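Report on the structure given below.
The values are calculated or read from the model by the stated rules, or taken from the named source; none is laboratory data. Because the structure is a prediction, the values reported are computed rather than measured. Virtual Cβ from ideal backbone geometry, glycine too; neighbours counted across all protein chains shown.
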C-alpha cells in the first residue's frame, strides 16, 4: 500500500525532527555542558565545606585535606554521572526525555509540593487548556462564520468596515491585554488585574466557576481581539477565491439559493483546509501564550516555562518542549493521514508537498 | 519588475495605503530625527542613567501636556543654582576662614506639592578637609525653619530634604517634608488635602569655609510633571526611549523581514528549481523548524547565553528562514517552473542560477512584496514581546523595554498610565502603518484576489 508506506516514512521523519528539536533543547538548557560545570563546582564547594567543618579533621595538613576533598567530590561526580563528558550525558538526557521519563525538577514544585515534572506539567496544563481552548475556539468559529457571511456580501459597507480592521491583528494578544487591564481593572475597577480565581478560592463550586469566568473574561478577550479580524480577513479571502470557481458560477446560474451554494459548493470542498488550520492553530497556541499568561498572571504552561527558564530548571524546560514536540508531530502526522486519504496526488505518489 | 511599478502606481487608489504610507513615513522621519538629533552613544549614555545624569528630573513624573487636562497647575521642576539665581554673600572671620551664606530663592506658584526637594552641595578645597553647613528654610511669610545644622561635606554632599527624618518630626501631621514645608500650617486638612502657600521661598545655606575654598549649592524642587513624555522610576526622560525606539524597531523589523522573508523566498526558488537533494534537504529543515517553537527557544537562548538584540535577531532569522512560508512559496514556484518561457530559457542555454534569478524569482516577486511589508510588524512586536518578558537588550532603549519597566514597577496599579500607554501606542502605530500598507499591497498584487 502506498499510503501506509508514505505514512511510515512521514512518521520516521517527524520522529527524527522531534529528536533533533529535543536535542537542541537539551543542549541549550545545559548551556552546551556549562551547566554541568556549575553543578560540579557546587558539589565540590559543598564537599569542601563539609570537610573543613568536620571537627575530626582538625590538624590534618592542607594538602591531605585537599586530597580528601577531591576524592569525595570525585565520588559524588561518579554517583551523579557527572564524570562523563557532556556529549555522552546529553544522549542520556535525550533518551530519557524522549521516553517521557521526565524525572524530577530542580527547584519548581507543583501546588501539592511534588517535584515530579510530569505532575508539575499536568497541573499547569488545565489552566492553559481552559484559557486557550476557550479563546481559540471562539476566535476560530467567529472568524470562519463572519468571513462566510462577509464573502456573500462582498463589497458592502459592513464588509469593508470589518476588513479595514484587519490590521489590528498585527499586534499580539498580550498587547491588547495590557489595554484591557488598563481600562477594566485600573480605571473602571470592574475586572480583576489577573490570576485565575479570587484569593482565597471560593469553596462552593458555583461561586468558584463564577470567579473563574470573571478572571477568564479579560485574557480571552485579549486573544480574541488580537486574532479575530486578521482571521476574518484571511478566511474571507479564502472563501472568495473558492466562490469564484466555475462550479459555483454554474450553481448560481442554476438558480440555487445562496445558503445552499454556501453549504454545498463552498464549505464542503474547503472543509479539509478549515480542519487543518484549526488543528494547527490549537497546537501553535500551546506555547504562544507565554507573554499573555505572564501579563495576566495566569498559572498556565507558558508561565511555568518562563519561570523554569529563569530558574534554569532544566528538567521542566526539557519536559515542556518534549510534550510540545510530540503533540505537534502527532498533529502533523494526523493531518498527513487525512491528506493522504483526501488528496489523490499522494496516492499516485508524485508532486505536491505534505500539505 | 514592470508589474511591481504598475502595482505601486495603482496603490494611490487605496486610502488605507496612503494612510499606511503616511504612518510609515512618519516613523522613518522620527527615526531620522532621533538618530541625527541624539547620537547613538549619547542615547545609550542617557539610558544607562549613570550617577548625576538625571539628577534634575523627578521620578515617575507625568508628561507636561497632562497639565492641560487638569484644573490645577501641576508643579514643574525648579532648579536654583548658587551661581545663577542664587545670591552668595561672604565675609572673612577673625580666625582666617570665610563665613558664607548662599541664598537660593524660588518662586512657587503651583497648586500641587513637589515630589521631592533635594539640595546638592559641592565644595572646592584641599583634599581631606571638611566643612559643616547649616540649611534654613524661609517661607513667603518670612517664617524660618532650620532644616539641618552642621551637616558635614567633604567634596560633595546630597541632602535629601524629603527623606530627612528630623524635618518630618518637626512638621507634625504632615505626610512628608516636601508637603509640610510648602503647606499652610494653620489650615486644617480638608477632604482635598492641604493647600500650597504660593509665593517666593528661600533656602539659606550657611557655612564657614577656608579662605581659599569655594562652596556651591544647587536646590532641586522636583515637580509632578516633566518632559514631553514623562519620566520613569529611574528619573529617565521617557522621550529618549520613545524617540530611539523608533529606529530600533524599524531596523529590527526591516532586517528581520529581509533576513527571514526574502531569504526564504530565494531559497524556496533555488530548492524548487534544483529539486532532488537540495529540495528535500530544505523540506526536512522546514519540518524541523516548524516543530521547534520560536519563542521558547529564544527565551532559552536569552536566558542561558546572551540578550543582545542583534544576536536575537540573527537567531530569529535563522529559525524563520525555514518556516511555513517556505511551503507556500514552494507551491507557487512548482507552478511557475512549468511555464513555457522557462523552457524557452533552458532552450537558449541559460544557466541554472540565471534561470532562478532572472526568470523564476521575478515571476513570484509581486506576491513577496505584500508579505514582506506584512511581516515587518510581526518582528517589531516580537522584539516587544521579548522585552516584556525580561529578555530585552540590556542597554538599548526600546519601546518594549519601557513597557517591561512599567509592568515590573506596577505602573497600571499605581496609575502611571502614560508610562505604559505611550510606547504601546507607538507600537500600535507602527503595526498599523505597515499592516495597512501590506493589506493594500496584498489587494493589488495578489493575483487571486484581483479577479474577485
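Restricting to strands (runs of 3 or more DSSP E) lying wholly in segment B:103-204: which have 3 or more residues that are free of Cβ contacts under 8 Å to residues at least 60 places away in the same chain?
On the way: elements: B:116-124, B:131-138, B:144-153, B:156-160.
It comes to B:144-153, B:156-160.
The criterion of at least 3 residues that are free of Cβ contacts under 8 Å to residues at least 40 places away in the same chain, over 16 Å from residue B:292 (Cα atoms) and more than 14 Å from chain A (Cβ to nearest Cβ) is met, among helices (runs of 4 or more DSSP H) falling completely within segment B:307-353, by B:340-347. Whether a residue is in a helix (DSSP H, G or I) and either within 12 Å of chain B (Cβ to nearest Cβ) or in contact with a strand residue (DSSP E or B) (Cβ under 8 Å, 6 or more places away or on another chain) (or both) was assessed, and residue A:24 passes this test.
Residues checked against (1) under 30 Å from residue B:85 (Cα atoms); (2) surrounded by 18 or more Cβ atoms within 10 Å (Cβ to Cβ); (3) at pLDDT below 90:
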site: B:223; (1), (2), (3): yes, yes, no
site: B:249; (1), (2), (3): no, yes, no
site: B:252; (1), (2), (3): no, yes, no
site: B:311; (1), (2), (3): no, no, yes
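Mind checking which helices (runs of 4 or more DSSP H) fall wholly inside segment B:355-452 and carry at least 1 residues that are away from chain A (no Cβ under 11 Å) and surrounded by fewer than 23 Cβ atoms within 10 Å (Cβ to Cβ)?
So the answer is B:361-386, B:399-408, B:417-445.
How many of the residues making up segment A:161-178 are within 19 Å of residue A:239 (Cα to Cα) and either more than 10 Å from chain B (Cβ to nearest Cβ) or in a loop (DSSP other than H, G, I, E, B) (or both)?
The total comes to 3.
Within segment A:185-204, if we keep just the residues that are within 11 Å of chain B (Cβ to nearest Cβ) and surrounded by 17 or more Cβ atoms within 10 Å (Cβ to Cβ), the residue that is nearest to residue A:215 (Cα to Cα) turns out to be A:194. Taking segment A:1-21 as the range and being part of a helix (DSSP H, G or I) and more than 17 Å from residue A:335 (Cα to Cα) as the test, the residues that pass are A:16, A:19, A:20, A:21. No other residue among A:42, A:76, A:66, A:49 is touching a helix residue (DSSP H, G or I) at 6+ places or on another chain (Cβ under 6 Å), away from chain B (no Cβ under 14 Å) and either on the phi > 0 side of the Ramachandran plot or in a helix (DSSP H, G or I) (or both) apart from A:76. Could you tell me whether residue B:27 is closer than 29 Å to residue B:218 by Cα and touching a helix residue (DSSP H, G or I) at 6+ places or on another chain (Cβ under 6 Å)? Against the criterion (closer than 29 Å to residue B:218 by Cα and touching a helix residue (DSSP H, G or I) at 6+ places or on another chain (Cβ under 6 Å)), residue B:27 does not qualify. Within the set A:145, A:140, A:157, the sole residue that is more than 10 Å from chain B (Cβ to nearest Cβ) and closer than 23 Å to residue B:16 by Cα turns out to be A:157.
What helices (runs of 4 or more DSSP H), lying completely within segment B:1-101, carry at least 1 residues that are within 27 Å of residue B:436 (Cβ to Cβ)? Full working, then the answer.
On the way: elements: B:2-10, B:15-37, B:40-48.
Helices (runs of 4 or more DSSP H) meeting the threshold: B:2-10, B:15-37.
Counting residues in segment A:266-281 that are away from chain B (no Cβ under 11 Å), surrounded by 21 or more Cβ atoms within 10 Å (Cβ to Cβ) and touching a residue at least 60 places away in the same chain (Cβ under 8 Å) gives one or more. Of all the listed residues (A:92, A:33, A:56), the sole one being part of a helix (DSSP H, G or I), exposed (fewer than 15 other Cβ atoms within 10 Å of the Cβ) and in contact (Cβ under 8 Å) with a residue 40 or more places away in the chain is A:33.
Among the residues of segment A:282-295, those that are more than 11 Å from residue B:385 (Cβ to Cβ) and at pLDDT 75 or above comprise A:289, A:293.
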